[in-house]
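Participant: The structure follows.
Every number in this text was worked out from the coordinates using simple rules, so none of it is lab data. This structure is a prediction, so every number in the text was calculated from the model and none was measured. Positions of Cβ are backbone-derived with ideal geometry, glycine not excepted, and every protein chain shown enters the neighbour counts.
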Amino acid sequence: MLRQWQSNCVEAALNKYTNGGRNFFCQATPGAGKTVMAAELAKRLFDKGDIDLVLCFSPSLTISKGIRSTFSWKLGCAFNGGMGALGASYTYQSIQFIDEVFWQTIKKYRILAVFDEVHHCSYDEHGNMNSWGEQVVSKIQSLAHYTLALSGTPWRSDLVSIAMAEYSDPEGQLICDFQYGLKQAVDEKVCRAPKIALVDNDHLSVTEGNETKSFTSILELLKQSKTSYQSVIHNEDAMRFLLDVSCKKLAEIRRCSPNAGSLVVAASIKHAKQIQTKLIEEFNQTAVIVTYHHDDPLTVIEEFRNSDTQWIVSVGMISEGTDIPRLQVCSHMSAVKTELYFRQVLGRILRINDAPNQEAWLFTFAEENLVGFAEGLEQDIPDTCLYIKQNLDNQTKNSCAEPRSLSDFERKVLTSNQQNSLSWGESIAATSANASNFMSSFEELRLGQFKQRVISAFT
């Protein structure tokens, strides 16, 4: 049975298509069930005889696999592009490897093209684009009879416009055909009400050369010294405290929901291994690790989804679109500090399931950006995330890393059908590679008494 918002969205899309519209943009909060809605819309269009095939595109193989499963269930047939299938699910990065015969063949059919997490694709009339956005516009948009664009966080960190999106002029505000925010989802018990625990420290000291300086907060430390946020998230005492409070919260939840699980978002593979070791050896937890270097990360994620293992430690693998409803606690220790990434990570613990306890807790440090994101959580599309309509200089365009282009190694992996689900938009591989540059300063940071500030959204 569809949720009310899903039914309303399907009806709105059908109405627009019936009245001559071809493109529909839906913004629905992470965890609300966008894929089920999209599959129901496709089914209704098939039932009406308005389409022949549906093609879905998404930013990772993890999401693509989930789409394939949902559409197969809704349509009652295979969804793998093979004989008897009514469509297929692809990743954005695979579009460039699809041969011309395929594109010529689908010209004969009426296609519904679904673009999930479409904010990964940038394109505007001034030529500001990334490779995924260019592929979507040049190869798919003109071929599709109808398009459905989906996003839970419809903005980009580089402030370039999203492919398939319309904006008000000159304000730069996204024009959505349908919007379903987190507040409404919480009110209707579609999503859990999140609590953000911001961990701070009231006596930090750092040695720079022969001089030792003291600070009363993480914000003061980062603003008034050369210490980086990397030093905080790699500090032994800081990691231990954040894991301790997270483990205690998970234990509370598991008293009545024994299957509840937790996620750690780590900064690098080395960082993730340190965290996993601490969880197992110091906190007596069961913990698995999944990174973009794993040969078969999807198997690790699927096994965790269906187990009662307490923790999964991730680097670039579980940030958006990954459906693990038993996740209810998250320790955010990533070096990535963008609002898009923060909200996508938070979305991993907001999916409602049938467990008795439906709490959702995210623990992170009181870094200036993260504090702002937590305080502004009740705003669906932050004012700071408007599309800036202007010609960007070459330096800005070249720095747009959301998503970055594929490296030779990733292209090789992709063509061998072992695509990983790295969150391309956040350059996690680059963050991991640079983490070692900060190691020499980690020992210089000393921490005193920890404290927490809890922000309860929508209460």
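Participant: Could you work out Rg/(2.2 N^0.38 Å) for the chain, with Rg from alpha carbons only?
Facilitator: Compared with the compact-globule rule of thumb, the chain sits at 0.98.
Participant: PRE reach from LEU219 (point 7 Å along Cα→Cβ): which of segment 178-212 fall under 17 Å by backbone N?
Facilitator: 196-204
Participant: While we're on this one: What percent does the relative contact order of segment 227-338 come to when contacts are Cα pairs within less than 8 Å and at least six residues apart?
Facilitator: Relative contact order, segment 227-338: 39 percent.
Participant: Just tell me which aspartates and glutamates come within less than 13 Å, Cα to Cα, of LYS189; anything on the same chain fewer than 8 places away is out.
Facilitator: Qualifying aspartates and glutamates at Cα under 13 Å: ASP354, GLU359.
Participant: Stick to the Cα atoms of segment 133-195, pair each with every other, and give me the Kirkwood hydrodynamic radius in Å at one decimal.
Facilitator: Across segment 133-195, the inverse of the average 1/r is 14.2 Å.
Participant: Specify, per residue and in Å³, the volume enclosed by the convex hull of the alpha carbon atoms belonging to segment 135-259.
Facilitator: Per-residue hull volume (Cα only) is 251 Å³.
Participant: Take SER307, SER122 and order them by how many other Cβ atoms sit within 10 Å, fewest up front.
Facilitator: SER307, SER122
Participant: Separation between the SER138 and SER94 pseudo-spin-labels, each 7 Å from Cα along Cα→Cβ, expressed in nm?
Facilitator: Simple spin-label model gives 2.1 nm for this pair.
Participant: In sequence order, what are the phi-derived ³J(HN,Hα) couplings for segment 116-123 according to the Karplus relation 6.51 cos²θ - 1.76 cosθ + 1.60 with θ = phi - 60°, rounded to whole Hz, with x for glycine and proline?
Facilitator: Result, rounded to whole Hz: 8, 6, 5, 4, 6, 10, 10, 5.
Participant: Taking amide hydrogens as modeled 1.01 Å from N in the peptide plane, which residues meet the under 5 Å criterion relative to GLN358, leaving out close sequence neighbours?
Facilitator: none
Participant: Here's something else I'd like to know. Provide the percentage of antiparallel DSSP beta bridges, counting only those with both residues in the chain; round to the nearest 5.
Facilitator: Here the antiparallel bridges make up roughly 30 percent for the chain.
Participant: If R₀ is 30 angstrom, what is the calculated FRET efficiency for the pair ASP295 and TRP73, using the beta carbon separation as r and rounding to 0.05?
Facilitator: 0.60
Participant: Arrange the peptides 48-59, 13-24, 338-349 so that the one whose residues have, on average, the most other Cβ atoms within 10 Å appears first.
Facilitator: Ranked by mean Cβ neighbours within 10 Å, highest first: 338-349, 48-59, 13-24.
Participant: Right, next: Pull out a ≥ b ≥ c, the square roots of the eigenvalues of the alpha-carbon gyration tensor of segment 174-333, then state rounded if a/c is under 1.5, prolate if not and a/b is larger than b/c, and oblate in the remaining case.
Facilitator: Because a/c hits 1.5 or more and a/b exceeds b/c, segment 174-333 counts as prolate.
Participant: Taking the Cβ-Cβ separation of ASP244 and THR384 as r and a Förster radius of 25 Å, what is the calculated FRET efficiency to the nearest 0.05?
Facilitator: With a Förster radius of 25 Å, E is 0.15.
Participant: Over the Cα atoms of segment 10-118, compute the convex hull volume and normalise it per residue, giving Å³.
Facilitator: Cα-based convex hull of segment 10-118, divided per residue, equals 110 Å³.
Participant: Each label point is 7 Å from the Cα along the Cα-to-Cβ direction; what then is the distance between the points at LYS107 and LYS270, in nm?
Facilitator: About 5.3 nm, to one decimal.
Participant: With a 10 Å Cβ neighbour count serving as the proxy for reagent exposure, in which order, fewest first, do LYS43, LYS226 appear?
Facilitator: LYS226, LYS43
Participant: Right, another one. Under a cut-off of 12 Å between alpha-carbon atoms, report the aspartates and glutamates in cross-link reach of LYS107, not counting same-chain residues fewer than 8 places apart.
Facilitator: Partners found: ASP52.
Participant: On a 0 to 90° scale, report how tilted helix 4-18 is relative to the longest principal axis of the chain, with both axes built from alpha carbons and the result rounded to the nearest 10.
Facilitator: With both axes taken from Cα atoms, the answer is about 40 degrees.
Participant: Then there is this: Between ARG453 and THR212, what length in nm is gained on full extension when 0.36 nm per residue of separation is reduced by their alpha carbon distance?
Facilitator: Result for the pair: 84.0 nm of gain on full extension.
Participant: Give the relative contact order (percent, whole number) for the chain; include only Cα pairs under 8 Å separated by 6+ residues.
Facilitator: With pairs under 8 Å counted, the relative contact order is 21 percent.
Participant: With both partners inside segment 4-186, how many of the DSSP beta bridges are antiparallel, as a percent to the nearest 5?
Facilitator: 15
Participant: What 222 nm value per residue comes from the helices of the chain, counting each DSSP H run with n ≥ 4 as -39,500 (n - 2.57) and dividing by all residues, nearest 500 deg cm²/dmol?
Facilitator: Rounded to the nearest 500, the figure is -10000 deg cm²/dmol.
Participant: What pairs from LYS65/LYS248; LYS223/LYS249; LYS16/LYS74 go past 24 Å between their alpha carbons?
Facilitator: LYS65/LYS248; LYS223/LYS249
Participant: Taking every pair of alpha-carbon atoms in segment 4-186, give the share separated by more than 25 Å as a whole percent.
Facilitator: 29
Participant: Does segment 279-369 come out rounded, prolate or oblate, given a ≥ b ≥ c as the square roots of the eigenvalues of its C-alpha gyration tensor, rounded meaning a/c under 1.5 and, failing that, prolate meaning a/b above b/c?
Facilitator: rounded
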